[in-house]
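The values are calculated or read from the model by the stated rules, or taken from the named source; none is laboratory data. Keep in mind that this is a model prediction, so the values were computed, not measured. FYI the Cβ positions are ideal-geometry reconstructions off the backbone, even for glycines, and counts take in every protein chain you see.
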Amino acid sequence: MEYVAALDVGSTNLKCQIFSSKFDIVGSSIQELIVVKPHHGWEEIDPEELMNSIEDVIQKALKDAGIKSNMVKILGLSTQRNTFITWNKSTRQCYHKFITWKDSRSSIIIEKLNKSILLNACIKFVRYISKILGFICSSKQLKLAKSFLFTNAQILPKLIWLLENNHDFKEGVRRNEVQFGTLDTWLLHRASKGLLHITDFSCASSTGLFNVFTMKWLPKMILQFFGLNNNMFPEICDTNLSKYKYYDIHISNIPLKISIADQSASLFGTGCFLKNTAKVTMGTGMFLDINCGQLPSVYSGFYPLVGWQFDNEMCYTVEAVDQNCGSLISLGKSIGLYDNLKELNELSSISEKPSVNDILFVLPDSKSSKYNEDDYSFIGQTAITTKVEMTKSILDSFAFRIKKRLDKLHKEMPEMKPKILWVDGGVSRNNYICQTLANTTSTVVIRMKNSYKTEISCLGVAFMAGLSSGIWSNKDLKMFRMTTDEKFVPQDENYIEYECRYIRWLYSQQCIY
């Protein structure tokens, strides 16, 4: 029997799952990721604690499977994006802890950059030229430039913050001694005993430091303008690391051959192998990703990314992100609607006829509810409104927020309307939200039957590892998904009811926010 191991370093948890050649999960382990918050808005991960935790979670998964590490043929790695660290390339000493993608220490810098007279003049000029040239030649790059703004999701403002606040880092940059890496880069650096400084296309593309049209890091001139140099960035490589077969890349004595961003792994794990197929991850945040095929695409409200480059076959994606997903579940818990996810599922499964208290839950799009705990509204709430109605209104808002983005995409590019939405993540385990999403979007929603056991990011990176090592074929993967999918079909008789409810929600949100 051959085994494949998958390690997922997510935003909240570390997960390791071990698959047999028959796709059975024979071993699994999950533990909370330790995130330190030394100051308001800061979120950090200690690199040594992370490495120890990774070793620990892999060993527990092996123990659960009842096998030794030498029985596992290959390990695949899936990592959260835009969490980064820098270190001295000679001493290998880190200049700081990992700064996570949720860290907001650079908010003031972002505000200054977006208000900068010089930058604004340049950006306005680019936007103006973009409108003219975009009309003439429909340049995708110019179209993207029209809506450019610095955000907390980008790494560049955080690097600027380090230049202003970390003297050792600033000196290291001046002396050309710094190496930069996202989470995958650092793990591969450690796994190769310091020999490799690499990242795959999917992780690089989300940083805001990478051009998906040239497939390179930002030009030297732009980096120098901000006080950085291009020598600090890693080599960008294929998701399949087989080209580095002459390097010893091991974690817990298991050969590491696949590295990919978590949302790309999730897209692959849900079976979105073809152009115009889409998935929605509903977990800590909501991530709507659409496979765009072998050419990059730009749509309003969606960010162009590289899904993967696997054995020289390129897949581009577009992504819309809503950070309110997981925090909405916490919000419902904090106001006493339910105590845990089990109770939430029980409440939302209660069949009730529509009442006069047809309430709506609204929250602003732009900010996460965890930083705006009082910035929400229940529209239509009265003294006789029940917990069930309030709970369902929160879950309805999930579907409405996704529909809003899909409608915007469909309006811009009618041929891009997905016929199927695959779903994954903790929130997707709720039947009510899956059926509501299907009814609201008039789209078939598909979820794995055993999604409570299988972590989709782990499954995606395991799929790739199995393909890379010859354990599985593309046909095997398609057959596996066909036999494990659970479908939620739109209830056409309720179409008008859901459409009217969505329009009311949209109007209420626009009026309040």
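Looking only at helices (runs of 4 or more DSSP H) that lie completely in the stretch 396-513, which have at least 3 residues being loosely packed, with under 14 Cβ neighbours inside 10 Å and in contact (Cβ under 8 Å) with a residue 12 or more places away in the chain? Break it down stepwise before answering.
On the way: elements: 431-441, 456-469, 474-484, 495-512.
Of the helices (runs of 4 or more DSSP H) lying wholly inside the stretch 396-513, those with at least 3 residues that are loosely packed, with under 14 Cβ neighbours inside 10 Å and in contact (Cβ under 8 Å) with a residue 12 or more places away in the chain span 495-512.
Within the stretch 210-233, is there a residue that is β-branched (Val, Ile, Thr) and touching an Asp or Glu at 6+ places or on another chain (Cβ under 9 Å)? Checked against the condition, which is being β-branched (Val, Ile, Thr) and touching an Asp or Glu at 6+ places or on another chain (Cβ under 9 Å), the stretch 210-233 yields no hits at all.
Which of the strands (runs of 3 or more DSSP E) found entirely inside the stretch 274-344 contain at least 2 residues meeting this: surrounded by fewer than 19 Cβ atoms within 10 Å (Cβ to Cβ) and either out of contact with any Pro (no Cβ under 6 Å at 6 or more places or on another chain) or not acidic (Asp, Glu) (or both)? Explain how you work it out, then say what you get.
On the way: elements: 278-282, 286-293, 303-310, 313-322.
Qualifying strands (runs of 3 or more DSSP E): 313-322.
Has the stretch 166-182 got any residue that is crowded, with 18+ Cβ neighbours inside 10 Å and touching a Leu at 6+ places or on another chain (Cβ under 6 Å)? Within the stretch 166-182, one or more residues are crowded, with 18+ Cβ neighbours inside 10 Å and touching a Leu at 6+ places or on another chain (Cβ under 6 Å).
Listed by position, the strands (runs of 3 or more DSSP E) enclosed by the stretch 1-54 that each have at least 1 residues that are surrounded by fewer than 14 Cβ atoms within 10 Å (Cβ to Cβ) and under 20 Å from the mean Cα position of the chain (by Cα) are 25-32. The residues in the stretch 250-273 that are out of contact with any Asp or Glu (no Cβ under 7 Å at 6 or more places or on another chain), of a type outside the set (Gly, Ala, Ser), buried (at least 23 other Cβ atoms within 10 Å of the Cβ) and part of a loop (DSSP other than H, G, I, E, B) can be counted, and the count is 1.
Among the residues in the stretch 139-161, are any in contact with a Lys or Arg (Cβ under 8 Å, 6 or more places away or on another chain), on the phi < 0 side of the Ramachandran plot, at pLDDT 75 or above and not in a loop (DSSP other than H, G, I, E, B)? Within the stretch 139-161 (the criterion being in contact with a Lys or Arg (Cβ under 8 Å, 6 or more places away or on another chain), on the phi < 0 side of the Ramachandran plot, at pLDDT 75 or above and not in a loop (DSSP other than H, G, I, E, B)), the answer is yes, since at least one residue qualifies.
Checking each residue in the stretch 462-513 for being under 23 Å from residue 420 (Cα atoms), modelled with pLDDT of 90 or more and of a type in the set (Ser, Thr, Tyr) picks out only 502. Residues in the stretch 248-304 that are among the aliphatic types (A, V, I, L, M), touching a Cys at 6+ places or on another chain (Cβ under 7 Å) and more than 30 Å from residue 71 (Cα to Cα): 3 in all. Residues being under 30 Å from residue 485 (Cα atoms) and either in contact (Cβ under 8 Å) with a residue 60 or more places away in the chain or surrounded by fewer than 24 Cβ atoms within 10 Å (Cβ to Cβ) (or both) are entirely absent from the stretch 213-227. Residues of the stretch 64-108 that are part of a strand (DSSP E or B) and aromatic (Phe, Trp, Tyr): 84, 87, 98.
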